[in-house]
Protein chains: 2
Amino acid sequence: MTAKKLGRQTAALAYPPSFAGHANVVGKKEGQGPLAASFDFIGNDDTFGEATWEKSEQAMQKQALALALDKAGQPASSLDWLFAGDLLNQCISSSFAARGQDAPYFGLYGACSTMGEGLALAAMLLDGGFGAWAGVVASSHFCSAERQYRNPLEYGAQRAPTTQWTATAAGAAILAREGPGPYLTHVTAGKIVDRGITDTNNMGAAMAPAAYETLKAHFQDTGRAPEDYDLIVTGDLGRLGSELLEELFRRDGVELAPRHTDCGLLLYDIEAQDTHCGGSGCGCCAAVLTGYLLNGMRAGTWNNILFCPTGALHSPTTAFQKESIPGICHAVTISNTR
Amino acid sequence: MTAKKLGRQTAALAYPPSFAGHANVVGKKEGQGPLAASFDFIGNDDTFGEATWEKSEQAMQKQALALALDKAGQPASSLDWLFAGDLLNQCISSSFAARGQDAPYFGLYGACSTMGEGLALAAMLLDGGFGAWAGVVASSHFCSAERQYRNPLEYGAQRAPTTQWTATAAGAAILAREGPGPYLTHVTAGKIVDRGITDTNNMGAAMAPAAYETLKAHFQDTGRAPEDYDLIVTGDLGRLGSELLEELFRRDGVELAPRHTDCGLLLYDIEAQDTHCGGSGCGCCAAVLTGYLLNGMRAGTWNNILFCPTGALHSPTTAFQKESIPGICHAVTISNTR
């Protein structure tokens, strides 16, 4: 163990980087939800001017990064590192979106935990003395995800009550070594957790144990308790997964519910917008963080949050082979003070 | 720019980590090639005891990591971070192989550049003061890759002369903050480079420009020349891509050929083993590094090498949509002296 490593999974940054800019781009349905005011760009037909859904997702990711860079007052050429990821096979939304960017690029696959994974790595590199600027971007698109993971939309397949709705959304954040905050102060990287869930229509159940393990490790490694945070935001456990997470902590005598929420619950009015268990997809928590959450921190609504994206690391192939679903959760502490 | 960042793309490690252990697992064909003596385990039927090719690949990755940890004399529970990646949709070989590992996990997608990407990030985290041990593992399997990217093997499709052969191989390396070397001293992270190549049967041509750009950046950022290295090893440009890379440098008046080789050329006897342009796949350069190259450094055959894995970041979907192929190359310097 070294000075900046607390316990098994947590890094405490010596000189926490600052969020210098953050922005998001979402689809029509997301723009009709409760967080509409926090989005930088709302598409009106989800194509974003492109001929295929995959190219639409690339366009969203590009635009989100451009907007975030603009808010940070930096060109892409000042990025020391760009981290990006998405849900599509071979992460094509990310690598194709990054073609035009003049930045050293690291592609990630963390499913819906990608924004957490990227922020964790970007923050540690900057804190380690490697450069001054890093970008993190993640995206998902309902239409590209449905046809890849489930059925082409044209089939009109019915959705199970436990499903979540893959968000059409991209979010980007620019971290800087210097700046007025909010700051990324701690990273708790997740281990893979698999409790044997095989129902691909119930990702919340597959990911809740991973969120539980990472949060437990975070509290243990840092000596903190849920009460030390104004908000603990998982993403995207949805309704069922959130209940499971709170129940897992309740068994330990810890009450998470009063300060816990989930990006999948925040993004939509889940009843009125018929999203069953809520939102999901790499873009869901990326868009909620880069709008609602970071804007709220800048406004002083919260001063200290724990942002905990969760991912389900399966594929249609593993489901056909009757494998269970491995989950992961990466948590980062974001604070208005260094 | 900060102290440890040289130029635009290169990081010079202040306290270079040491390769504490490295190991590989390969298939039957690879075990019949010229590097046979450098492999830790050669499977005799490529199933590795599993019922599907995807599970075979997971088994290889698990075993390579276990062997590397064993050589480092460490349990998985001492890993501060584990980086892993592969070619399969949703990187299932990696996340499923990591289920049993008690280590914070970062999933990567860099196609055949993955070993370079993982080593780059792992080295920077250790150098940044974040922990003492990190693992990096990458894999590919001919049979899982063929059916995902091209055709099921049962079709017996013919292969174009420019194709490469996806290696059935996994390689793992354990980096440690302290140790007798070899050391990872520099990282040059690649940008995405796309010169408009659309032929998915000619990956060498798609990746050569990326290798050229990263090597050029490395020489520029560090002030070094090809002559400063005993060996410059790309992976996996294959025969055609290697010729293109050398030609690109020749135009600049730089002769790379005398000290350049490529993991795709080293892995097979490309004529006798009928692999057309040579090997490819995340496992190819991972297995060549963790056997032939690092063993050769320990034996003093080479004291200073530049290891430059290259990746083609396309997917079958982008090919169907007539997109060109983005390439990337991450280079790391490995030296017997700190």
Compute the projected area of the convex hull of the Cα atoms of chain A, averaged over all viewing directions, and report it in nm² to one decimal place. 15.7
Calculate the all-directions average of the projected area of segment A:183-335's alpha-carbon convex hull, and give it in nm². 8.9
Explain nothing, just the number: dipole magnitude of the protein assembly as shown about its Cα centre with +1 on each Lys and Arg Cβ and -1 on each Asp and Glu Cβ, in debye rounded to the nearest 20. 900
Per GNM of chain B with C-alpha springs under 10 angstrom, the most fluctuating residue out of B:LEU265, B:LEU125, B:LEU306 is B:LEU125
Please report, in whole Å³, the volume per residue of the convex hull around the C-alpha atoms of the protein assembly as shown. 135
Around B:ASN44, what is the net charge, scoring Lys/Arg as +1 and Asp/Glu as -1 over all other residues with Cβ under 15 Å from its Cβ? -3
For A:ALA157, net neighbour charge (Lys/Arg +1, Asp/Glu -1) across residues whose Cβ lies under 9 Å away: +1
Antiparallel versus total DSSP beta bridges in the protein assembly as shown: what percent is that, nearest 5? 60
As a percent rounded to 5, the proportion of antiparallel DSSP bridges among beta bridges in segment A:183-335 is 60
Kyte-Doolittle at least -0.5, axis length at least 24 Å by Cα - qualifying DSSP helices, chain A: A:203-222
Taking every DSSP beta bridge with both residues inside segment A:5-176, roughly what % is antiparallel (nearest 5)? 60
Cross-link partners of B:LYS71 among lysines (Cα-Cα below 29 Å; sequence separation of 8 or more within a chain): A:LYS4, A:LYS5, A:LYS191, B:LYS28, B:LYS29, B:LYS55, B:LYS62
Between A:LEU265, B:SER242, B:GLY190, whose Cα lies farthest towards the positive end of the dipole of the protein assembly as shown when Lys and Arg beta carbons carry +1 and Asp and Glu beta carbons carry -1, centred on the Cα centre? B:GLY190
For segment B:183-335: relative contact order, % (alpha-carbon pairs under 8 angstrom, 6 or more apart): 38
How far apart are the B:ILE42 label points across copies, placing each 7 Å from Cα toward Cβ, in nm, shortest first? 6.4
B:ALA3 versus B:ASN201, label points 7 Å from Cα toward the beta carbon: distance in nm? 5.5
Put the label 7 Å from Cα along Cα→Cβ for B:GLU271; what are its distances to the other copies, in nanometres, shortest first? 7.6
With an 8 Å Cα cut-off and a minimum separation of 6 or more residues, compute the relative contact order for chain B in percent. 25
By Cβ position, which chain A residue lies least far from the axis that rotates chain A onto chain B, and what is the distance to the nearest whole angstrom? A:GLY128, 1
Between B:ALA257 and A:GLN158, with labels modelled 7 Å along Cα→Cβ, what's the label distance in nm to one decimal, could you check? 6.8
Determine the shape class of segment A:262-311: with a ≥ b ≥ c the square roots of the Cα gyration tensor eigenvalues, call it rounded for a/c under 1.5, and otherwise prolate if a/b is greater than b/c, oblate otherwise. prolate
Rounded, prolate or oblate for segment A:80-222? Axes are the square roots of the Cα gyration tensor eigenvalues, ordered a ≥ b ≥ c, and the cut-off for rounded is a/c under 1.5. oblate
Compute the label-point distances linking B:THR198 to its equivalents in the other copies; points lie 7 Å from Cα along Cα→Cβ; give nm, one decimal, shortest first. 4.4
For the protein assembly as shown, calculated [θ]222 nm from helices alone, where every DSSP H run of n ≥ 4 adds -39500 (n - 2.57): -9000 deg cm²/dmol
Could you tally the net charge around A:ILE232, taking each other residue with its Cβ under 11 Å from the Cβ of A:ILE232, Lys/Arg +1 and Asp/Glu -1? -3
Before anything else, pin down the relative contact order of segment A:5-176: Cα pairs under 8 Å, at least 6 apart, normalised by residue count, whole percent. 30
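Read-outs throughout are calculated quantities, based only on the coordinates presented, and are distinct from any laboratory measurement. This structure is a prediction, so every number in the text was calculated from the model and none was measured. Cβ atoms come from the backbone with ideal geometry, glycine included; neighbour counts cover every protein chain shown.
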